[in-house]
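The values are calculated or read from the model by the stated rules, or taken from the named source; none is laboratory data. Nothing here was measured: the structure is a model prediction, and the numbers come from that model. Here the Cβ is made from the backbone with ideal geometry for all residues, glycine too, and neighbour counts use every protein chain on show. What goes into the accessible areas is simple: the full protein's heavy atoms, side chains included, and nothing from ligands, DNA or RNA. Shrake-Rupley method; radii C 1.70, N 1.55, O 1.52, S 1.80 Å.
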Amino acid sequence: MQNALATAGYPSHVLVACSGGPDSLALAAVAAYFARRGHVDGHPVSVAGVVVDHQLQPGSADVAARTASVLRELGLAPVEVRTVDVAATGFGPEAAARDARHAALDAAADDLGCGAILLGHTLDDQAEQVLLGLARGSGTRSLAGMRPARGRLLRPFLGLRREETLEICEVEELDPWHDPSNADPSFARSRTRVEVMPVLEEKLGPGVAESLARTAAILQQDADFLEDLANETYLSLVRREDGDAWLPEDAVRELPAALRFRVIAKAASDVGGQQPGYGRLQAAEALLRRQGSAGPVELPGHVSVFRLSLSDLEQQRWDLPGSATAAPLPAATSASQDSAGVGPRDAARCGKLVFRHQKPSQQ
């Protein structure tokens, strides 16, 4: 906890998110220690608490109220209960609950003037996250798991095992609430926790969770490096016109595959789309190997990507009819090209990969 708050620059007001479970209750107990001292390494600190009631289980309001009472007894102040409505998002109930919870935590932190939000995720949670990413065939960013710090979200316990949080609760004479959904086999994470991880520990020996968490830490560094490089590359290549974004295909084609796919994903996001899956990215990237104008390839979030060939661009430039695409993009002006770092002559020698956000039909 001390290291996490030091890394965050010693925020003077922090907020503990607590469900009443052993992980977050242990987190609250440790944070309360610093609240009673009134400082961390000589830097003043106060600790507030918030309990989010998702209203997904019978009696959830009682659990939230009891948890809030325990937090007040520990010395956290103020302590609030925030009730949320979990709306279907199309990404599953767990994702919907997480989105609603994070929105409530952000609102509480804003209202209470807190510079950091403490979450109780443990090393076991990190291992499960990496294992689920592997099972889903996710990329580097997903396999990198949860970050110890992301914005004002801090996870001080990512290096602790779940058994250690139970021990903290026992030493502090706290009676944690055990969420029945954690053992519900209808949830992939619950199956991973109850069924998969114990088998891996049994068959492969102890230390599997630590190895998976270590993998996440290593991949976080790799993912950060690739993300920064891809962002820098994208900004050097992208041209914008009339709400569209386009990339000179020759420059994109010459990029290493790891950068090429990330640059395409950034273009889709830039015009208002969502993160494409690997299959959709492959389909968009394949446009670079097509002859003539091609596409569109549909990406998540109502984004269409298509290729405009050099011959079609020449037709547009000379105002000739008969463009091969149903949604042509006019040739960019010299000013926009020069400002992006590539001269008009360079851009004119190749085709374009165009990204366009399509408004969904009313139907």
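For the reader, a short list of remarks on this structure follows.
- Selection status of residue 112, over 20 Å from residue 21 (Cα atoms) and touching a strand residue (DSSP E or B) at 6+ places or on another chain (Cβ under 8 Å): yes
- Filter result for residue 175 (in contact with a Cys (Cβ under 9 Å, 6 or more places away or on another chain) and either among the aromatic types (Phe, Trp, Tyr) or over 17 Å from residue 16 (Cα atoms) (or both)): yes
- Residue among 25, 15 that alone is of a type outside the set (Ser, Thr, Tyr) and in a helix (DSSP H, G or I): 25
- Some residue of segment 175-185 being part of a helix (DSSP H, G or I) and buried (at least 17 other Cβ atoms within 10 Å of the Cβ): no
- Residues that are small (Gly, Ala, Ser) and over 12 Å from residue 131 (Cβ atoms) were ranked within segment 187-215; the one that is modelled with the highest pLDDT is 207.
- The residues of segment 97-125 that are among the small types (Gly, Ala, Ser) and under 19 Å from residue 162 (Cβ atoms) amount to a single one, 120.
- Answer from 247, 237, 281 - the residue that is farther than 12 Å from residue 355 by Cα, in contact with a strand residue (DSSP E or B) (Cβ under 7 Å, 6 or more places away or on another chain) and either open to solvent by less than 10 Å² (accessible area, probe 1.4 Å) or modelled with pLDDT of 90 or more (or both): 237
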